[in-house]
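Following: one structure in structure tokens, then a few remarks.
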Amino acid sequence: MATDTRVQPAPAVAAVQPRPLRGRSGLMAVFRHVILLPGVVFFVIPLVFMVSTSLKALRQIALFPPELIPNPVLWANYPEVFHYAPMHLYFVNTLFLVLPAIFGAVFTSSLAAYAFARLRAPGKNAIFIVLLSTMMVPAFVTMIPTYILFAKLRWVGGFKPLVIPYLMGSAFFVFLLRQFFLTIPRELEDAAFIDGSSRLRTFTGIVLPLAKPVLATVTIFAFMASWNEYMGPLIYLSNKKQYVLSLGLQVFTDAYGGEWGLLMAASSMMVAPVILLFFFAQKHFVTGITMSGLKG
């Protein structure tokens, strides 16, 4: 009688999956929050104190120790600011500087960045290095030559020296956008070229929609730089009706520096748009910084 000598396969042994270290990751998250919490408190306390002071009467501001929560809340400080200074006029003048800065950051700088990232030209890399080298020159070094140039053009005393240079873009924004454009796969553009799309249509229809995070980043940077601009308006603007918020706040401080409630109310109104813009664009801002090569 024949004996079956075939080797029976061994029963399958279920692979042992390592259990995720949820406890350790949770502990690290708690540790990171504990480390960051003092920094958050350090940066938030001045903002909270400013808003709190803007809602107090002068007798409450002089109390020691200071009261963080105003009682009663004096909302009248905010409309009263406009009786002391034409803040609405300063706000409109500031927008007149902010909008060209955003246009230059989003449109002009993106065109130059796309050219450096995708187009072929002799000496392109050398030109890009020269462009980056301009970021190393302090603004105070070029301040006097720039003023002489604008004076010869008869632009001093108006908004032209503050608007037209912003329309030309910025070296930093060109670098930031170029680094992001290099991460976009070329296959997407090649497919568009095969379908008959032009270079400009590919740029506006494919590249720019994919670059929303970094465009949000440069928009925030451009907004903050032009919104808080002080030295330029101080040098080139001579008419008080042309003053922007930064100069208007300084004039308000010189005239009514003792009115701390009104001063903090004016400061809060100047800071609020920047904070709101950051909170609304925070997700795109962080993504743009992470994907553009600026992360630490």
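Quick notes
- For the criterion of being assigned to a helix (DSSP H, G or I) and open to solvent by 60 Å² or more (accessible area, probe 1.4 Å), residue 204 passes.
Yes or no, residue by residue, for (1) part of a helix (DSSP H, G or I); (2) free of Cβ contacts under 8 Å to residues at least 12 places away in the same chain; (3) surrounded by fewer than 16 Cβ atoms within 10 Å (Cβ to Cβ):
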position: 188; (1), (2), (3): yes, no, yes
position: 191; (1), (2), (3): yes, yes, yes
position: 196; (1), (2), (3): no, yes, yes
position: 200; (1), (2), (3): yes, yes, yes
position: 213; (1), (2), (3): yes, no, no
position: 219; (1), (2), (3): yes, no, no
position: 229; (1), (2), (3): no, no, no
position: 234; (1), (2), (3): yes, no, yes
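- Of the residues in region 139-160, not one is open to solvent by less than 70 Å² (accessible area, probe 1.4 Å), modelled with pLDDT of 90 or more and under 22 Å from the mean Cα position of the chain (by Cα).
- Residue count for region 244-259, restricted to those that are open to solvent by 50 Å² or more (accessible area, probe 1.4 Å) and at pLDDT 85 or above: 1
- Scope region 51-62; condition closer than 13 Å to residue 78 by Cα and either of a type outside the set (Val, Ile, Thr) or not in a helix (DSSP H, G or I) (or both); matching residues: 52, 54, 55, 56, 57
- Residue 44 being farther than 14 Å from residue 267 by Cα, part of a helix (DSSP H, G or I), of a type in the set (Val, Ile, Thr) and more than 24 Å from the chain's Cα centre (by Cα): no
- Selection within region 64-91 - surrounded by 14 or more Cβ atoms within 10 Å (Cβ to Cβ) and within 15 Å of residue 50 (Cβ to Cβ): 70, 74, 77, 78, 81
- Qualifying positions in region 104-132 - open to solvent by 50 Å² or more (accessible area, probe 1.4 Å), part of a helix (DSSP H, G or I) and farther than 20 Å from residue 202 by Cα: 125, 126, 127, 129, 130
- Of the residues making up region 46-63, just one is open to solvent by 80 Å² or more (accessible area, probe 1.4 Å) and either touching a residue at least 40 places away in the same chain (Cβ under 8 Å) or over 15 Å from residue 260 (Cα atoms) (or both), namely 58.
- Filter result for the condition that a residue is free of Cβ contacts under 8 Å to residues at least 60 places away in the same chain, out of contact with any Phe, Trp or Tyr (no Cβ under 7 Å at 6 or more places or on another chain) and over 28 Å from residue 283 (Cβ atoms), over 145, 209: 145
- Residues that are more than 14 Å from residue 211 (Cα to Cα) and in a loop (DSSP other than H, G, I, E, B) were ranked within region 162-186; the one that is most open to solvent (accessible area, probe 1.4 Å) is 168.
The values are calculated or read from the model by the stated rules, or taken from the named source; none is laboratory data. All figures in this text were calculated on a predicted structure; none of them were measured in a lab. Reconstructed Cβ throughout: ideal geometry from the backbone, glycine too, with neighbour counts over all protein chains shown. The area values use the complete protein model at the heavy-atom level, side chains included, leaving out ligands, DNA and RNA. Shrake-Rupley method; radii C 1.70, N 1.55, O 1.52, S 1.80 Å.
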